[in-house]
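Asker: Here it is: the structure, laid out below.
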């Protein structure tokens, strides 16, 4: 429905009752402000989805009236929706959008103080009092432009940044055909106003109209500008491509001349074969000149690229130097200050050592310790004499006890009968 995919359709377009309300005329805002605002918001959302889905960046009232058809009739309130979008600066005439430009610093003050206030006052009065949307006026949908511009900027490969690329090459990178050129230029114009890219028309080359419009895409961290060095490298690269193609064509023509000469010889057309060889010689001389020109261009291109690299290195050196100077200035880091700091540090360390030594000393009470020393000496002598006395006592071991037990066993006398020679008769004893 309305060139919008089914899964992206808003809920308002899936309900028949709601569709009837949306296509009906808009009531007076003072009667029901909530219903009025809800209806305007719903149509804004539908237009946004339609433009985003189909990569449409410019709209007109007549175009949308022909697109949003239901039961053979367009919506009755699109004009009020357009007027509200113009009032809120959600859409802008294509003419006003193209007039936008990235203002240089020299013209910034004039633009802020004089031009912009006058232009704002005039446009505000025109929008609020005299101006209403025209059915054929083309407007730029700013929200879609901003979103699609960011997507375009993010899709540029790193290898294509910070160098000039032709417009045709850019279309190839974006996978777009020539029919999308006008829309892509609108996106490029917005990115130019944001200083994320720079564009320029290069003249004096043998390139086509598309490639004469060149673009330089930055990295997004700093404003982008196109220098003469960039233009020189771009022209040399384009001429290198053209010459390389010419050389390939000449070599193919030389091969054809050789084939023609052989074919004439097979038919015994010697004069025709000579003509083919003469043509080959002419082409070989032309090829030699083209080859020399290509070599010169390649040498110049390498030198320019080297100059570009040298400029980058030089800028890096300058940035490093500025960083050093700023650091020294902000911190006061100079040789004299470092020497003074080290000298003060040595004094502080010496003072610290003195403090540690003072803390390690015992307090002096003024008492005579000679008596204490004599008492300690007497105690040490007493301990020594006790040790010697203990060494004169024989050790107590179990050998003395063993000898005493053996003597006592010998002194022990028992009166026991003799051992009989035969076994006693148990039955006799029992009878007796």
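The values are calculated or read from the model by the stated rules, or taken from the named source; none is laboratory data. Only a predicted model underlies this, so the values are computations on that prediction, with no experimental measurement involved. Counting neighbours? That spans all protein chains shown, and the Cβs are built from the backbone with ideal geometry, glycine included.
Asker: Picking from 132, 137, which residue would you name as being touching a helix residue (DSSP H, G or I) at 6+ places or on another chain (Cβ under 7 Å), closer than 25 Å to residue 66 by Cα and at pLDDT below 90?
Answerer: Sole residue among the options that is touching a helix residue (DSSP H, G or I) at 6+ places or on another chain (Cβ under 7 Å), closer than 25 Å to residue 66 by Cα and at pLDDT below 90: 132.
Asker: Being loosely packed, with under 11 Cβ neighbours inside 10 Å, over 57 Å from the mean Cα position of the chain (by Cα) and in a helix (DSSP H, G or I), is that true of even one residue in the stretch 280-299?
Answerer: Among the residues of the stretch 280-299, not one is loosely packed, with under 11 Cβ neighbours inside 10 Å, over 57 Å from the mean Cα position of the chain (by Cα) and in a helix (DSSP H, G or I), which makes the answer no.
Asker: If you go through the stretch 171-189, how many residues are without any contact (Cβ under 8 Å) to a residue 60 or more places away in the chain and within 21 Å of residue 220 (Cβ to Cβ)?
Answerer: Adding up the residues that qualify gives 5.
Asker: Could you tell me whether residue 274 is surrounded by 11 or more Cβ atoms within 10 Å (Cβ to Cβ) and either in contact with a helix residue (DSSP H, G or I) (Cβ under 6 Å, 6 or more places away or on another chain) or not in a helix (DSSP H, G or I) (or both)?
Answerer: no
Asker: Additional query: If you take just the helices (runs of 4 or more DSSP H) that sit entirely in the stretch 1-89, which of them hold at least 1 residues that are in contact with a strand residue (DSSP E or B) (Cβ under 8 Å, 6 or more places away or on another chain) and farther than 26 Å from residue 190 by Cα?
Answerer: Fully inside the stretch 1-89 and qualifying: 16-23.
Asker: Another question, if that's okay. Could you count how many residues in the stretch 174-229 are at pLDDT 85 or above and closer than 22 Å to residue 245 by Cα?
Answerer: Final tally of qualifying residues: 2.
Asker: Could you tell me whether residue 109 is at pLDDT below 90 and over 25 Å from residue 196 (Cβ atoms)?
Answerer: So residue 109 fails the test.
Asker: Which is outside the structural domain of residue 284 (by TED's automatic domain parsing) and in contact (Cβ under 8 Å) with a residue 60 or more places away in the chain, of 231, 217?
Answerer: Just one listed residue meets the conditions, 217.
Asker: Out of 242, 258, which single residue is exposed (fewer than 14 other Cβ atoms within 10 Å of the Cβ) and part of a helix (DSSP H, G or I)?
Answerer: 258
Asker: What number of residues in the stretch 146-168 are part of a helix (DSSP H, G or I), in contact with a strand residue (DSSP E or B) (Cβ under 9 Å, 6 or more places away or on another chain) and in contact (Cβ under 8 Å) with a residue 60 or more places away in the chain?
Answerer: Number satisfying all stated conditions: 1.
Asker: Could you list, in sequence order, all residues of the stretch 43-54 that are buried (at least 18 other Cβ atoms within 10 Å of the Cβ) and free of Cβ contacts under 8 Å to residues at least 40 places away in the same chain?
Answerer: Listed by number, the list holds a single entry, 43.
Asker: Further, regarding this structure: Would you mind stating whether residue 9 is surrounded by 12 or more Cβ atoms within 10 Å (Cβ to Cβ), in contact with a helix residue (DSSP H, G or I) (Cβ under 7 Å, 6 or more places away or on another chain) and either within 24 Å of residue 72 (Cβ to Cβ) or assigned by TED's automatic domain parsing to the domain that holds residue 64 (or both)?
Answerer: no
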